[in-house]
1. Express the relative contact order of chain B as a whole percentage, based on alpha carbon pairs under 8 Å and six or more residues apart in sequence.
2. Quick check: convex hull of the Cα atoms in the stretch A:321-615, volume per residue, rounded to a whole Å³?
3. So what are the ³J(HN,Hα) numbers for the stretch B:172-180, from phi and the Karplus equation (6.51, -1.76, 1.60; θ = phi - 60°), rounded to whole Hz, Gly and Pro as x?
4. Send over the per residue convex hull volume for the stretch B:167-319, Cα only, as a whole number of Å³.
5. Are there residues in the stretch B:451-468 whose accessible area shrinks by at least 50 Å² when all protein chains are included rather than the chain by itself, and which are they (probe 1.4 Å, ligands and nucleic acids not counted)?
6. Once both labels are modelled 7 Å past Cα along the beta-carbon direction, what's the residue A:484-residue B:138 spacing in nm?
7. Mind checking the per residue accessible area of the stretch A:6-153 for me, 1.4 Å probe, whole number of Å²?
8. The stretch A:533-558: which residues show an accessible-area loss of 30 Å² or more, assembly versus chain alone, 1.4 Å probe?
There are 2 protein chains.
Amino acid sequence: MSPKITTELLKQLRQVMKSPKYVQEPVQAYIVPSGDAHQSEYIAPCDCRRAFISGFDGSAGTAIVTEQHAAMWTDGRYFLQAAHQMDNNWTLMKLGLKDTPTQEDWLVSVLPEGSKVGVDPFIIPADQWKRMSKALRSAGHDLVPIKENLIDTIWTDRPQRPCKPLITLDLSYTGVNWRDKIVALRSKMAERKVPWFVVTALDEVAWLFNLRGSDVEYNPVFFAYAVIGMNTIRLFIDGGRMMDPAVREHLQLDSTLEPEFKIQVMPYGSILSELQAVGASLSPKEKVWISDKASYALTEAIPKAYRYLTPYTPICIAKAVKNASETEGMRRAHIKDAVALCELFNWLEKEVPKGTVTEIIAADKAEEFRSQQKDFVELSFATISSTGPNGAIIHYKPVPETNRTLSVNEIYLLDSGAQYKDGTTDVTRTVHFGTPSAYEKECFTYVLKGHIAVSAAIFPNGTKGHLLDSFARSALWDCGLDYLHGTGHGVGSFLNVHEGPCGISYKTFADEPLEAGMIVSDEPGYYEDGSFGIRIENVVLVIPAETKYNFKNRGSLTFEPLTLVPIQTKMIDVNLLTEKECNWVNDYHRKCREVIGAELERQGRHEALQWLIRETEPVIRVQ
Amino acid sequence: MSPKITTELLKQLRQVMKSPKYVQEPVQAYIVPSGDAHQSEYIAPCDCRRAFISGFDGSAGTAIVTEQHAAMWTDGRYFLQAAHQMDNNWTLMKLGLKDTPTQEDWLVSVLPEGSKVGVDPFIIPADQWKRMSKALRSAGHDLVPIKENLIDTIWTDRPQRPCKPLITLDLSYTGVNWRDKIVALRSKMAERKVPWFVVTALDEVAWLFNLRGSDVEYNPVFFAYAVIGMNTIRLFIDGGRMMDPAVREHLQLDSTLEPEFKIQVMPYGSILSELQAVGASLSPKEKVWISDKASYALTEAIPKAYRYLTPYTPICIAKAVKNASETEGMRRAHIKDAVALCELFNWLEKEVPKGTVTEIIAADKAEEFRSQQKDFVELSFATISSTGPNGAIIHYKPVPETNRTLSVNEIYLLDSGAQYKDGTTDVTRTVHFGTPSAYEKECFTYVLKGHIAVSAAIFPNGTKGHLLDSFARSALWDCGLDYLHGTGHGVGSFLNVHEGPCGISYKTFADEPLEAGMIVSDEPGYYEDGSFGIRIENVVLVIPAETKYNFKNRGSLTFEPLTLVPIQTKMIDVNLLTEKECNWVNDYHRKCREVIGAELERQGRHEALQWLIRETEPVIRVQ
């Protein structure tokens, strides 16, 4: 990996920062955030502006360029990568280290008095704008919105914004048609007496209209906004894709519908002016509901007194609670996914000892097996295929420079998943193709105990996921071990593999209480730098739990694993398990054998079936 | 309990709300918060203004009186009590219920346009002022500070502010003299470049100067403020108590000291003007450090740009981490406290079957035994002595109207503690003097499992207490049970029985990470309305834990029980315990027998010793 040479680019950027063609007044600093206009986690190539200007292409990082300096803030996952990818025009600001200044403090320390700091108002979330603007103002500077993105003005070969065809999802996948979703949304709006709602997150637009796209890799979404009124629906979307007869029929664009379900299709770029028009038309006490993470540009389009901001939108919350059709789809997707992984691990077991399988080959093979399954669309994230020391790099993705060959002497960690038309998967298994050491087994078993502690946990209705996080760590903590990431995230239904508003993490964020029908991952781990990584991840469904008593009639919840892939028993030190944990493993494997066995049989995959049967033999405690 | 008749009082209050003698302009509403000027949890009789105006004397509640209405906001603990104590001039606003309006919303709904809402600026915390003022302003009203407390103007027989003699604590109790505490505080101030610090909480003043008082029942504190500069110390305190030679010597008031340790004693009432003078003297960039929970009056005394607000002060954090002398003192206090409880339970065992022991008699007897111990000062809170259904009332305090006789047929819960000159105790035991039912034993055992899960937990350095809360609930949750309070609170060292900044609770508050030397309670429970209450509480010390491994060299922590009172084994269903839990109980009882047995022996309390020996027999699992 050699660094990108940015001297010329920075020179150009500094020129446009002073050019009256683009800025009303020169700006002394320009901020280049990570995201897109929808605050997406995964972004399209045309939105990778920070990578373009700096060379650093990790998933998180903010660049700030002043007349004299160029600095990049990123977190511990990316210190090494950023250092490798950036030339020495750039200063790396390591987030989380004690002496690293905040962006605001750094700006204040380097800027001349009374400076202007520019940023694209579509890219910066409103809450971030507010914080930064306040800090700069109190130091005598100004944060100013620059309408034209200055990176785009110097990015000559910037890719087009993708505009790929849409997929329509019928009732058998979604369980609820889009009109009923609009009705439910409007009833939430009526409850809060808010007559307008702005949909800014891409997965929320996709979910609301039962449409999917492929504008962003791994995420089946498309670039669009929507504005929902009590009697109007406006969809802001570009391109010929609205000409597709299937889409037109799905959205009933050519039917005579009740007026409140008539969708007005408008250009993607017109959202701002339309929202401003809505803002200007409001009567007193009328408000517009918008996420507090929406862009500064859209938030500002609504006069302050008319904004109704919430951290989670009603769509985000409704989307998280899967209905029966979605749950059944997720089950089907996970069965197919397990079939692919049984094939893969059976294949690896035979091939790895030959010394010809690299991390990349294994990842490709996993994709190949998945792609043979019905309704396969694409992967749900970049496969983490890592052996030995690479397994300790939590967000590792094999590239030719790091690609390692799997062997019978090292632990192999595979974290992978796919998008099927009926559901999204995300599974991690950690295996050994030879004989694991006692220490490796010990660590694996603690991780497994944590995985089981969450998966088998029973907890009252209304419990927030972060209250379960310590269950996943307890066995590791007892021995002085831990892992430095959260335990679980929400998972979409043929949507983003990471979604809110629920999760399981020690970081106290405003997670919403878990409810039956929500789907999250359960993925504790243990990582030993330079040696190995262990993670055991299932996607689990929140279900009602039967309990002996029922305090205050609240009801209880627990989890049902949707992922049904054997957990390698060779890696387990069975005597570290309690009887209850041992039974959990055996019950889980019985279910894998029954459900996935039947599907392997049906698909005529006899060798993989034999592998499954071998791998699901019960474990027995000798104590 | 008959309600207080408040018609005449409310009439008088409404008159002074319009009287130019007290208010510049009439106020249409007057807020009477619960607290005192130091945001204390326990308050002196002269500060019980809300109880005076309404009759409701629970520990939490806010009264608002308008020209037409009088309303009281309180939480679930007090719905019944408030309803009984208030006459029908008052509307009870039940906090936590869905339809209960916030104070702001209610005010907006009842006030005429452009109203003024008054409040005593010394009683309302700055953060609460800010929230309320903003809400009122956005509805066209004004929150205004009323210098003279309007309740005091109509409270003819208002008690004097207490001004009791002080106790000086020497190095053997405190481990650090007050000058070194000032030095440490100034070094924290220097670190943050803040040259002034305002001490507003009563326990912080007491801790800083190694003084104790008895102005507030149960809390060994005294009314005072302090303002610490880099070279000055100002103590704001009233009365002849500064004439006490012991106090003068302790504070070296008459010695020739380095000027930076010279204490200027000033009248309690002069804090505001002195702080305003400090505020006016500041040069740019100089700031004044004050808790964000300090009163609006004091916060306003410092110009906004000069305020440095933090949720926890450096004193609060330093106070929480007990040094070796304090820890040893706490150990001694808990040994003495255990001796008293062994005597009590031995006495109860003999007396209860006679049917002559009421809750009040038992509470008095507990105090009697405690008062026989060396350095006993007073109780640390009102004893919760509750039998049968009264045990399910979490904050129960027996009064003649509710006083129940202990019997061999009901569970008895005793939550009590004391202030000794060397430490503060707080212990809950739940016992049965006859034969508990299988169900009672089952519930008790789940609570015990939760208690042990916290007490025996091992967790990394830097872990916040709220991450341990679910451990206390897991066994209850498994059966569909739970309890509706937090699991633990910080405990002072001969100071307030509840103190910050650490705790163990599902409520995510900004708790500081646990550190070796901190002391918290571990008190899960289970309550069945109308039947019984169970709680098992020890005070525990955070200590370093030995672990097999040491991830990232972070080190681990665990707890050591300071409370050493037997947990009634008769109440335990031993077969619900794991082997590890069973060993914990037996190890704990072995320690009780050794440590408390030796002290009972030394004090010649032979009968109580025999009781202790009987009660600490090991339990044996039959599985």
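1. With pairs under 8 Å counted, the relative contact order is 10 percent.
2. 128
3. The phi angles translate into 5, 8, 9, x, 9, 7, 5, 5, 5 Hz.
4. Values: hull volume 17.5 nm³, N = 153.
Cα convex hull per residue, to the nearest whole number: 114 Å³.
5. At a threshold of 50 Å² (probe 1.4 Å), the residues of the stretch B:451-468 that become less exposed are B:458, B:467.
6. So the two model labels end up 4.0 nm from each other.
7. Here the residues of the stretch A:6-153 average 46 Å² of exposed surface.
8. Flagged in the stretch A:533-558: A:548, A:549, A:551, A:552, A:554.
The values are calculated or read from the model by the stated rules, or taken from the named source; none is laboratory data. In this text, all values refer to a predicted model and were calculated from it rather than measured experimentally. Glycine gets a Cβ as well: all are built from the backbone with ideal geometry, and neighbour counts include every protein chain shown. When the accessible area is computed, the model is the full protein with side chains, heavy atoms only, and any ligands, DNA or RNA have been set aside. Shrake-Rupley method; radii C 1.70, N 1.55, O 1.52, S 1.80 Å.
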